[in-house]
Structure formats: C-alpha cells, structure tokens
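J.: Just dropping this structure here.
What follows draws every value from the coordinates through simple rules; no lab data is involved. All figures in this text were calculated on a predicted structure; none of them were measured in a lab. Ideal geometry is used to build each Cβ from the backbone, glycine not excepted, and the neighbour counts take in all protein chains shown.
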Amino acid sequence: MQILIRNARIIDPGHPDGPGDVLIVDGRIAAVEAAGTLAADGAERQVVEAQGLWLTPGLIDLHVHFREPGQEYKETILTGSQAAAAGGFTAVCTMPNTDPVNDDPAITALILRQAAAAGLVRVYPVAAISKGLKGEQLCEFGELKAAGAVAVSDDGRPVMNGQLMRRALEYASGFALRVISHCEDLHLAESGAMNEGAVATRMGLSGIPNAAESVMVMRDIALAALTGVSVHIAHVSAAESVAAIRRAKADGINVTAETAPHYFTLTEAAVEGYDTHAKMNPPLRSEADRQAIRQGLADGTLDAIATDHAPHAVSEKEVEFDRAANGIIGLETSLPLGLKLVAEGVLTIETLIERMAIAPARILGLEAGVRVGLPADVTLIDPNKEFTVRAAAMQSKSRNTPFDGWTLKGKAVMTIMDGRIVYRDQG
C-alpha cells in the first residue's frame, strides 16, 4: 500500500517548515521531498491532494481513560480509538483505573488485544503503581512491563504514602517505566466539589484549594531529586504547581509535566449554573491559574498537552453537582482548542505540535516525526475549517463535554496510522 500526500505544509518541529510531498510505503515514510516533486503514478499509489492543509506527526495523548475492561457502558477501546483517530491522534496512553484495575499482566494483555482488534490507534497501557490502586503494595512492575505496559500510575487516586512513592520511582527505573503521578492531597481535597474561592462560596459548594495539588507536586519533585529518577506530573491545573515545576527544571531535577485543554481554556466560572460537565479533578481553577498554565506551555515548563479523556454515562452526570462523576471527554476537541492558543499568539504552531506529538513521544521513549524511515503516523489538519461541536455526533460513547455548541476553527481531516488511513473527515 502506498499513499502520496502532495502539496501539504509540513510542520515537524526541528525541521524546515514548508510545502512538501510525502510518500508512504508499507507503513513507513519512504520519501519527503519538495512540493510537486514526487510523481503520482503507480497503480498502488493513493494520492491525497493536500493543498492548504498542514501535515504533522501523529498526535500522541499521554492520558486517556477508555474504561475497558469493566465499564464498557461509558467507553470501549474501540469507541475510544475512534474518538482518538477523529481528533488526529495516532497513539494514546490508557490509565489503569479500569474494573478490574490494570495491576495484572493479564489485564494489560487484554487491553493490547482489544486495541489490535480495533486497529485504529496505537494504545500504550499504563499499569497501576499499587495493587488495586490502594496505595499499599507495589505491583509487579517487571511482569507488567513484559506484558506491554509503558508506564505506571495510580491515576484517579494519588499515592499518599511518600515512602511507597519513593520505592515506586526506584523500582520503576529498573524497568525503564515512567512513573506518572496524580498529585492530590486527599485530606486537603476532602469533600471538595470545585475550586476553593468566591464562586464555590456563592454556590454553596465545598472547595478544593490549589495546595491540594501543589503540595503533592512539590513532594514528588523532592522524591525525584532524592532518587534521581524522573517523574511525570499529570493534569497540572494550579499556578503554584507550574511555579514548582519551573523551579525544579531550573535546578536540574528530572521532571516532566502535562496539562489539559480545559485548564488553559476554562475557569471555575464554567461551573456557574451547577454544570456538571465542568466538574473534574483537579477542578477548573481561577483566571490567574489559567494564565499560569498558558505561560507554562509557552515557556516549556509544561511539556505536553494531554486530554485526560474521561467518559461518563448521562446517569453519572445528571445528578446533584457534588455527587456527579469527575471528568470530561476531550479527544475530539483537544486539537482545535490547542489551535486557539496559536490564534491567540500564546504558542506557535510548531510549539503546539511539539506539545502534542514530539514531547509525548520523547516522554514515552519513542520517535515521532515526518521523516524518512519512521512509522507513517501522521495527521492532516485543515487550519481554516470551522465547525460546531456537537456532543451527540461525537465518536466517543459518552457525551460529557463542556464544549457542546462551541464553534471552533481548525480540525484534523485525516489521520494515518501505520500507513493506513484510519480517519477521514466527511464534513
């Protein structure tokens, strides 16, 4: 199978930006030449005319919840993969808080089998740090790595025991497993439903202070310094966390971090009216926090944009606010929300692609790019395509998005994974 993409603007950070042709043969990039150079002949050669489109490395999401096994009523690996491909993603990392928890090699293997059957995106399982996510006993990291896990995390719950987290870092380093930390002090966050502040007080809801996140960020930075092992901080939402990570990097501590589109797009004001689609953990913060997140992305303090795609059934969201499940779906809105940062001058397009493709690959120890010899995982983006977000029309099995009805500009119109077209926009 051959695919020739002609006259696209190739955006690959670290390489010349400009129009070009890309030839894909047998799942790999076979040639990258100046626009109009590669011939469209050959019976097996499918031609994609990409004038006016951007060609980028396939997007990689470090943080998704596909719910399978155990909660397939919210999402399956197939429907999650469909949403990912529609969002321009060619790879995702699935978090371990499934039912049963991915703390066993058999669960890791099941996830990989289901991902292979779906055949739409590369799925990299993240296994649990502790048995049952209970924070009491470490999992068998070596067995999980052998089964296909790429990282470990208790995401959904923090590892409250500092000694256990230290041992996790030391143990994981022996197997080249990245440790992803959900930073939350459960005692500070106890009973909280949204960000602590005037909005919460006015609405009569219990608040979660920024310190519930930032004190744990600081602890894990200290543990990374103590052990000499890298830690990756998940879903950063607070200005104090950004400041702590910035200082740690300046001090040479091996820490990486991600944030999510909702934290650089929305604030606690989105909760007004008790909108449970704006309820998440960590919660939406203040405008000052939002600005700190944007600055952190711009200066590289925050390495990556990840969705924290968290599907929930209608019955879990259409309840009292403090009882509603935390989280939103995000795979199909992440790229256009990121492109808003470009339009607003916060990021260049090259920096956005660095945050959504190159840095995630680097964190996982993978290669990514539009370069000869690499796997043909690429995304075609129409930067001028305007569309209205329609939750009911999304590929995800769930509909819990705060962006329903928003008009956005810029969209993935074709996703190619392993040399196969796995998504083509029909709009």
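J.: For the stretch 34-184, give the magnitude of the charge dipole about the Cα centre (Cβ charges: +1 Lys/Arg, -1 Asp/Glu; no others), in debye to the nearest 20. Mind dumping the intermediate values first?
T.: On the way: 12 positive and 17 negative charges, 50 e Å.
Charge dipole of the stretch 34-184: 240 debye, to the nearest 20.
J.: Also, quick follow-up: About the Cα centre, and with charges only on the beta carbon of Lys, Arg (+1) and Asp, Glu (-1), how big is the dipole of the stretch 17-75? Nearest 20 debye, please. It would help to have the intermediate numbers written out before the result.
T.: Working: 4 positive and 11 negative charges, 28 e Å.
In debye, rounded to 20, the stretch 17-75 gives about 140.
J.: Check cross-link reach from LYS145 to the aspartates and glutamates: straight Cα distance under 12 Å, and skip same-chain residues fewer than eight apart.
T.: Partners within reach: ASP103, ASP104.
J.: Moving to a separate point now. Over all directions, the average projected area of the alpha-carbon convex hull for the stretch 1-67 comes to how many nm²? All intermediate terms of the calculation are to be shown ahead of the outcome.
T.: On the way: hull surface 24.5 nm².
Averaged projected hull area, Cα only: 6.1 nm².
J.: Then there's this: Step through the residues of the stretch 410-427 one at a time and calculate ³J(HN,Hα) from phi using the Karplus curve (6.51 cos²θ - 1.76 cosθ + 1.60, θ = phi - 60°), rounding each to whole Hz and writing x for Gly and Pro.
T.: x, 7, 5, 10, 7, 10, 10, 10, 6, x, 10, 6, 9, 8, 9, 5, 9, x
J.: Hull surface divided by four, with the convex hull built on the Cα atoms of the chain: how many nm²?
T.: Working: hull surface 75.9 nm².
Taking the Cα atoms of the chain, their convex hull projects to 19.0 nm² on average.
J.: On to the next question. For a quick protection proxy, order the peptides 295-301, 410-416, 197-203 by their average other-Cβ count within 10 Å, most packed first. Walk me through the numbers on the way to the answer.
T.: Numbers: 295-301: 18.7, 410-416: 23.6, 197-203: 14.3.
By packing density, highest mean first, the sequence is 410-416, 295-301, 197-203.
J.: Still on this structure: Quick one: of LYS134/LYS279; LYS74/LYS385; LYS279/LYS411; LYS317/LYS397; LYS249/LYS279; LYS340/LYS385, which pairs are farther than 22 Å apart, Cα to Cα? All intermediate terms of the calculation are to be shown ahead of the outcome.
T.: Working: LYS134/LYS279 24 Å; LYS74/LYS385 29 Å; LYS279/LYS411 26 Å; LYS317/LYS397 14 Å; LYS249/LYS279 31 Å; LYS340/LYS385 13 Å.
Checking Cα-Cα distances, LYS134/LYS279; LYS74/LYS385; LYS279/LYS411; LYS249/LYS279 exceed 22 Å.
J.: Moving to a separate point now. Using a Gaussian network model on the chain with a 10 Å cutoff between Cα atoms, which of ASP26, ASP99, ASP41 fluctuates the most?
T.: Highest fluctuation among the options: ASP41.
J.: With unit charges on the beta carbon (Lys/Arg positive, Asp/Glu negative), name the residue among LEU186, PHE175, GLY58 whose Cα is farthest towards the positive pole of the charge dipole of the stretch 58-364.
T.: Positive-most Cα among the choices belongs to PHE175.
J.: Still on this structure, please answer the following. About its Cα centre, how strong a charge dipole does the chain have in debye, to the nearest 20, once Lys and Arg get +1 and Asp and Glu get -1 at the Cβ? Numbers along the way, then the final one.
T.: On the way: 38 positive and 53 negative charges, 55 e Å.
Result for the chain is approximately 260 debye, rounded to the nearest 20.
J.: Here is a further query. Out of ALA376, VAL229, ILE129, whose Cα points farthest toward the positive end of the dipole of the chain (charges: +1 Lys, Arg; -1 Asp, Glu; placed on Cβ)?
T.: ALA376
J.: Dividing the alpha-carbon radius of gyration of the stretch 198-325 by 2.2 N^0.38 Å (N being the number of residues), what value is obtained?
T.: Working: Rg = 15.5 Å, N = 128, 2.2 N^0.38 = 13.9 Å.
Rg over 2.2 N^0.38 Å, computed on Cα atoms: 1.12.
J.: Find the Rg to Rh ratio for the stretch 250-312, where Rh is the Kirkwood radius over alpha-carbon pairs and Rg uses the same atoms. Intermediate results must be reported in sequence, preceding the final value.
T.: Numbers: Rg = 13.1 Å, Rh = 12.8 Å.
Rounded to two decimals, Rg/Rh equals 1.03.
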